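I have placed the structure first, in the form of structure tokens, so that the comments after it can refer back to it.
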Amino acid sequence: MTLTGNMRIDGDRLWDALMEMAKIGPGVRGGNNRQTLTDEDAEGRALFQKWCEDAGMTMGVDQMGNMFFRREGTDPDALPVYVGSHLDTQPTGGKYDGVLGVLGGLEIVRTLNDLNIKTRHPIVVVNWTNEEGTRFAPAMLASGVFAGMHEQDWAYDREDAEGKKFGDELNRIGWRGDEEVGDRKMHAFYELHIEQGPILEAEEKDIGVVTHGQGLWWLQVTLTGKDAHTGSTPMPMRRNAGLGMARIADLVHEIAMSHQPEAVGAIGHCDFHPNSRNVIPGKVVFTIDIRSPHRDVLDGMKARIEAEAPKIAHDLGLEIEIEEAGHFDPVAFDENCVTSVRNAAERLGYSHRNLVSGAGHDACWINRVAPTGMVMCPCVDGLSHNEDEDISPEWARAGADVLFHAVVETAQIVE
Ligand SMILES: [Zn+2]
């Protein structure tokens, strides 16, 4: 048996599963509040477990609560192809962010069962714990421990706003497993996710073939001038830190615009001192956020800021301090996995374009330990982390179809 364009997942069944899961931890405006390691998270996990076991899969759970459901392959020596995302949501989250990727993985196995297809490699459907990072920062915590980015004990000590610890809450809801985190070896990993941006919908494309994830630098800048009366200080005698901030904001914008279409940059947070209506600000502290999927571009953007912002400050009689406040390396997804996703969209007749993921995903960490690919589908107005987050059943179906073909091609049909 070979993979042909008429092999499709069951879009109605996938949609029913999405609606059924959305009943657990309902939000206040039609979305979801199923935050990690809450009772609602436990209830969602139990439902997912039941569905997976009904589909003939066997469960493994690691010490971070990551859930793995395995459908056997025919070759006992072949590493599994992993597929999944996360079931946890923001406090006022949508029904699809993360959930689509987990239930899309389940739908793949259900479809393989329907079509009586065996694969050489096993297929493992994953639910990663605490992707969102709202209750316990940082985001992508458990996939980060899996990929060796964080220590497990450090993760267990993360506290929520009430001072409750991640490790204690994981025990409380009964989902701390025995497996050593990160012990599993993967042949490949695929994640389906809503875009969380406006490009696919605006261009009327069915599928985003994710080639890269944005790398970022956060820089904290402190400009120091002199507080002075806004009415009585002559213009040539001012040391206005607010004006310095405004000119640096313009510089950041210009630098990002010079690396289109992929680079972005902005000043997201700013504190004016003393922040008074009739005082020239003597001190401004702000953060610059710059992103690019290419390391050389990203580092070049940072170098330009570090070279040109001090000149702006100097010209205005300001002192400047620039500190590194955060960094993520750009992610280049595996070429073979990216090609499998693109080929899948072609074979199925879906329109597609390459995309750079602007948000972080579990796939970005797993890409460090296994060949990884991502599929995206559109979402209405690019909206997510919002109860109004919305997708159409057709978009979900197309995304899961492409996921199915990419995973099954990688896992290799044997009969
Ligand atoms: Zn997500």
(message) Starting from 0.36 nm per residue, how many nanometres of slack lie between Asp157 and Thr74 once their C-alpha separation is accounted for?
(response) 25.8 nm
(message) Distances longer than 30 Å among the Cα atoms of the chain: what percent of all pairs is that?
(response) 46 percent
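Counting each DSSP H run of 4 or more residues in the chain as -39500 (n - 2.57), what helix-only mean residue ellipticity at 222 nm follows after dividing by all residues, to the nearest 500 deg cm²/dmol? Could you put the intermediate results ahead of the total?
On the way: 12 runs with 142 residues, N = 415.
Counting only the DSSP helices, I get -10500 deg cm²/dmol.
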(request) Using label points projected 7 Å from each Cα along Cα→Cβ, tell me how many nm separate Asp381 and Gln220, to one decimal. (result) 3.4 nm
(request) Could you work out how far apart the two model spin labels at Asn336 and Met59 are, taking each label as a point 7 Å from the Cα in the direction of the beta carbon, and quote it in nm? (result) 3.2 nm
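Which loop-located trypsin sites (Lys or Arg not before Pro) does region 171-212 contain, where loop means any DSSP state but H, G, I, E or B and the Cβ has at most 15 other Cβ atoms within 10 Å? Let's see the in-between values first.
Numbers: sites: Arg172, Arg176, Arg184, Lys185, Lys205; in loops: Arg176, Arg184, Lys185, Lys205.
Passing sites in region 171-212 are Lys185.
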(message) Leaving out ligands and nucleic acids, and using a 1.4 Å probe, what accessible area per residue does region 304-411 come to in Å²?
(response) 40 Å²
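In the neighborhood of Met301, defined by Cβ-to-Cβ distances under 12 Å, what is the net charge if each Lys or Arg adds +1 and each Asp or Glu adds -1?
Details: positive: Arg291, Arg295, Lys302, Arg304; negative: Glu254, Glu262, Asp289, Asp296, Asp299, Glu306, Glu308.
Once all neighbours under 12 Å are counted, the net charge is -3.
Which GluC sites (Glu not before Pro) in region 62-165 sit in a loop by DSSP (not H, G, I, E or B) and have at most 16 other Cβ atoms within 10 Å of their own Cβ? Spell out each step's value before the answer.
Numbers: sites: Glu72, Glu107, Glu131, Glu132, Glu151, Glu159, Glu162; in loops: Glu72, Glu131, Glu132, Glu151, Glu162.
Answer by residue number: Glu72, Glu151, Glu162.
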(request) Name the shape class, rounded, prolate or oblate, that the alpha-carbon gyration tensor gives for region 329-384, where a ≥ b ≥ c are the square roots of its eigenvalues, rounded holds for a/c under 1.5, and otherwise prolate holds if a/b is larger than b/c and oblate otherwise. (result) oblate
(request) Straight distance only, please: which lysines reach the Cα of Lys283 with their own Cα at less than 20 Å, same-chain residues fewer than 8 apart left out? (result) Lys226, Lys311
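Using +1 on the beta carbon of Lys and Arg, -1 on that of Asp and Glu, and nothing else charged, what's the dipole of region 23-170 about the Cα centre, debye to 20? Please list the in-between numbers first.
Details: 15 positive and 24 negative charges, 116 e Å.
Here the size comes out at about 560 debye.
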(message) Can you compute the FRET efficiency between Glu179 and Ala249 using 1/(1 + (r/R0)^6), with r the Cβ-Cβ distance and R0 = 41 Å? Round to the nearest 0.05.
(response) 0.30
(request) On a 0 to 90° scale, report how tilted helix 335-348 is relative to the longest principal axis of the chain, with both axes built from alpha carbons and the result rounded to the nearest 10. (result) 60 degrees
(request) Could you tell me the distance between the Cα centroids of region 171-233 and region 286-322, to the nearest Å? (result) 21 Å
(request) Under 1.5 on a/c is rounded, so check that first for region 165-235, then, if it is not, pick prolate when a/b is larger than b/c and oblate when it is not; a ≥ b ≥ c are the square roots of the alpha carbon gyration tensor eigenvalues. (result) oblate
(message) If I model a spin label as a point 7 Å beyond the Cα along the Cα-Cβ vector, how far apart are those points for Leu47 and Arg295 in nm?
(response) 4.3 nm
(request) Kindly provide log₁₀ I(q)/I(0) values, in the same order as q = 0.11, 0.12 Å⁻¹, from the Debye equation applied to equal alpha-carbon scatterers of region 245-369. (result) -0.53, -0.61
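The values are calculated or read from the model by the stated rules, or taken from the named source; none is laboratory data. Keep in mind the model is a prediction, meaning the values are calculated, not measured. Neighbour counts are summed over all protein chains in view; Cβ atoms, including those assigned to glycine, are modelled from backbone coordinates with ideal geometry. Quick note on the areas: whole protein, heavy atoms, side chains included, nothing else; ligands and nucleic acids left out. Shrake-Rupley method; radii C 1.70, N 1.55, O 1.52, S 1.80 Å.
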